[in-house]
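Working notes, beginning with the structure itself.
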Amino acid sequence: MKYFFIILWTLPQTFCGGVFYLYLWIINKKKPYLFTYHNRHFYFCETITTRINGITLGYFIFQRFASGDYITRHEIGHDRQQLWLGWLFLPVYLVVTGVQRLFGVSQENTLFEVMAKDYAIRMTN
Ligand SMILES: [Zn+2]
């Protein structure tokens, strides 16, 4: 039941995540496999891209295999952001991150990434 509400509340991202899941499974021929961390479902996949260790798209959290516990916690941080913002997450994330990038902020220092980083660090304490 919990996942039903997550899927509804994050429907635009979850739709993108579903398309990405099918891409990985059917086109890329690497079916992501499920694991659970702190009561949250994740999908492990050997290859997402060479540059991205993890990506959270609504219900779907993808993580590159063996990219580590820290990335898992970081993605849970992004999961929390999506639970706050719901359908607004993608447009807000893209506008805020895009404006910051235009002003020369590196991707890892943009607001949503710093918040996810802080969340990952706090989760260990
Ligand atoms: Zn991130």
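The values are calculated or read from the model by the stated rules, or taken from the named source; none is laboratory data. This is a predicted model, so every value here is computed, not measured. All Cβ positions, even for glycine, are placed from backbone atoms using ideal geometry, and neighbour counts span all protein chains on display.
Out of PHE15, PHE35, I need the residue that is within 25 Å of THR124 (Cα to Cα), more than 16 Å from the ligand (Cβ to nearest atom) and surrounded by fewer than 17 Cβ atoms within 10 Å (Cβ to Cβ). Which one?
PHE35
Collect the residues in the stretch 90-125 that are among the small types (Gly, Ala, Ser) and surrounded by 15 or more Cβ atoms within 10 Å (Cβ to Cβ), keeping them in residue-number order.
Of everything in the stretch 90-125, those that are among the small types (Gly, Ala, Ser) and surrounded by 15 or more Cβ atoms within 10 Å (Cβ to Cβ) turn out to be ALA116, ALA120.
Counting only residues that are within 16 Å of the ligand (Cβ to nearest atom), in contact with a helix residue (DSSP H, G or I) (Cβ under 6 Å, 6 or more places away or on another chain) and within 18 Å of THR14 (Cα to Cα), how many does the stretch 41-62 have?
Qualifying residue count for the region: 6.
Restrict the check to the stretch 87-95 and report whether at least one residue is without any contact (Cβ under 8 Å) to a residue 12 or more places away in the chain and in a loop (DSSP other than H, G, I, E, B).
So far as the stretch 87-95 goes, no, none of its residues is without any contact (Cβ under 8 Å) to a residue 12 or more places away in the chain and in a loop (DSSP other than H, G, I, E, B).
Select, from GLN63, GLN100, the only residue that is in contact with an Asp or Glu (Cβ under 7 Å, 6 or more places away or on another chain) and not aromatic (Phe, Trp, Tyr).
GLN63
Just name the residue that is farthest from LEU83 (Cα to Cα) out of those in the stretch 12-24 that are hydrophobic (A, V, I, L, M, F, W, C) and either outside any helix (DSSP H, G or I) or at pLDDT 90 or above (or both). Give the steps one after another, and end with the answer.
Here is the first cut: in the stretch 12-24, the ones hydrophobic (A, V, I, L, M, F, W, C) are 15-16, 19-20, 22, 24.
Subset that is either outside any helix (DSSP H, G or I) or at pLDDT 90 or above (or both): 15-16, 19-20, 22.
Working: PHE15: 15, CYS16: 16, VAL19: 20, PHE20: 20, LEU22: 23 Å.
This residue is LEU22.
Taking the stretch 97-112 as the search range and keeping residues that are without any contact (Cβ under 8 Å) to a residue 12 or more places away in the chain and in a helix (DSSP H, G or I), which one is farthest from the ligand (Cβ to nearest atom)?
That would be LEU102.
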